[in-house]
Amino acid sequence: MRSDMDFLNVGDREFDTLEEVTFHIRQNVNVTNFDGDLSVIGSVCDFDSTDEFVHSLESHFSLERQNGNLLLLNAKEFDVPYYVFLSNEFPIFFTTGRKTRDFPETINAYFKGEQNIGRLWISKREMENLRQRVVNKHPDVIIPYFTATRSRHSEVEANRRPRFERTFQYYAKDGLDTFNELKYEYGVLPTNIKFQKTNEFKFRVTTRGVFTINNGGLEQVLTVIEDSIERLREVKKAIDTSGFSTRTNKYTQSGGMAQSRPWAVELSHELTDEDVQQFEGEVLQEDWEFDLSELDVRAGDDRYHFSAELIDERTLGKTILRSNENSIRIYPREDTGIDQSIRVFEFINDQIDPKSIARKVA
């Protein structure tokens, strides 16, 4: 193993907790000396054991060293080092690799190729909570870049035309004031935001669970990761109650009968025609990475129902959605991955009902 791979200066230390890792980074790592930035990448996995997760890494990484619960990896053929902390269902990756040059063929390729792991999605509400915490603690912080959106069903108040969806991208040193103005007037929430304070920190956060640290900001980054883990832990509990199996049946031509046990997203209101139109209009947006192969909409007695089949553009995995008054049941298929299931929940939460909750189907 090359000595320059150990970008976190771990040496032979052993780490049992994430707190030990972050304390070590703050005390012993100077991010400004990196040839690039330090990226922290959250993930959610569905492996049966830690050993199974570690074995899955072999498809794209070689294991160079293990320091307790912290593993040093090297991306095969690309010579890009990664550390991963084994945090049960939510592994956390660290790397100095470049997002545009190195991520596509390393960490992104691993996520795409493994059905049982996906990204740690950060809700827009959590992004806004982070923004408020940083601003409250550092009133002179600069926000030189942000993107912000408003969905039609946002619960954030807006003074101007609240039923319109909006997307803003902004570059300027007055980004803090500008964001406050846009939030007040148009009710937007951040999806990508960069914080900067001279001689103290410079870091960036996105809703896709990628955190870029140029100087400082690790404490804030870990706080939003922990908040996201707590939120998605409840979602994953619901997803874990679902399943797909094939039962042998001599009367079927294929020799087996498929059975899908669903989980559900409970809405705070009964589904409306507007909700269904919103689903159809937004689910094909590029950010969600879905194709809509089937959609059947029915209306009766002022109630709207729909059945849809979504195909994951990344893995081609399928998921069936069926609405029932104030809930949407999600039926996995054999090739439905955890990332696809999380994205389904995030889409419903973002585009249909921000108060929706993942539930087990009784």
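The values are calculated or read from the model by the stated rules, or taken from the named source; none is laboratory data. From a predicted model like this one, the values you see are computed outputs, not experimental measurements. As a convention, Cβ positions derive from the backbone with ideal geometry for all residues, glycine included, and neighbour counts pool all protein chains shown. Just the protein is used for accessible areas: all its heavy atoms, side chains included, with ligands, DNA and RNA removed. Shrake-Rupley method; radii C 1.70, N 1.55, O 1.52, S 1.80 Å.
Calculated over the chain, the projected area of the Cα convex hull averaged across directions stands at 20.6 nm². Phi angles across the range 92-102 convert, under the Karplus curve 6.51 cos²θ - 1.76 cosθ + 1.60 with θ = phi - 60°, into 3J(HN,Hα) values of 10, 9, 10, 7, 9, x, 7, 4, 7, 8, 9 Hz, Gly and Pro given as x.
The alpha-carbon of residue 318 sits under 13 angstrom from the alpha-carbons of these aspartates and glutamates, leaving out residues fewer than 8 places away in its chain: 289, 291, 294, 309, 334, 335, 339. Amide H to amide H distances under 5 Å link residue 89 with no residue, where only residues 5 or more positions off or on other chains count and H is placed in the peptide plane. Each residue, residue 292 and residue 234, gets one label point 7 Å from its Cα in the Cβ direction; the gap between the two is 2.8 nm.
If Lys and Arg each add +1 and Asp and Glu each add -1, what is the summed charge of the other residues whose beta carbon sits under 9 Å from the beta carbon of residue 358? Every neighbour counted, the sum reads +2.
Comparing mean-square fluctuations of 69, 159, 30 from a GNM of the chain with C-alpha springs under 10 Å, the top value falls on 159. The rule of thumb for compact globular proteins, 2.2 N^0.38 Å, goes into the C-alpha radius of gyration of the range 13-83 1.20 times. Across the chain, the relative contact order, built from alpha-carbon pairs under 8 Å that are at least six residues apart, equals 15 percent. With all protein chains kept in place, the per residue accessible area of the chain amounts to 49 square angstrom at a probe of 1.4 angstrom. Over all projection directions, the Cα-based convex hull of the range 142-247 averages an area of 9.5 nm².
Among the helices of the chain, those built from whole DSSP H runs whose Cα atoms reach 18 Å or more along their own axis and whose mean Kyte-Doolittle hydropathy is at least -0.5 are 218-240, 338-351.
Placing 65, 101 in order of accessible area, with the largest value first and a 1.4 Å probe, yields 101, 65. Within the listed set 214, 192, 88, the Gaussian network model of the chain (springs between alpha-carbon atoms below 10 Å) gives the highest mean-square fluctuation for 88.
When only alpha carbons are used to place a centre, the range 121-154 and the range 55-94 end up 30 Å from one another.
Out of the total accessible area of the chain (probe 1.4 Å, heavy atoms of protein only), what percent is carbon and sulfur? It is 42 percent, rounded to a whole number.
In the chain, the DSSP-assigned H stretches of four residues or longer account for a calculated mean residue ellipticity at 222 nm of -8500 deg cm²/dmol, using -39500 (n - 2.57) per stretch and the full residue count as denominator.
Comparing 215, 28, 324 in a Gaussian network model of the chain, where Cα atoms under 10 Å apart are tied by springs, the biggest mean-square fluctuation is seen for 28. Return the subset of 99/237; 99/202; 137/202 for which the Cα-Cα distance in this structure is over 19 Å, preserving the input order. Long pairs (Cα-Cα over 19 Å): 99/237. Averaging 1/r across all pairs of distinct Cα atoms in the range 274-362 and inverting the result yields a Kirkwood radius of 13.3 Å. For residue 183, a cut-off of 16 angstrom between C-alpha atoms picks up these lysines, skipping any fewer than 8 places away in its own chain: 124.
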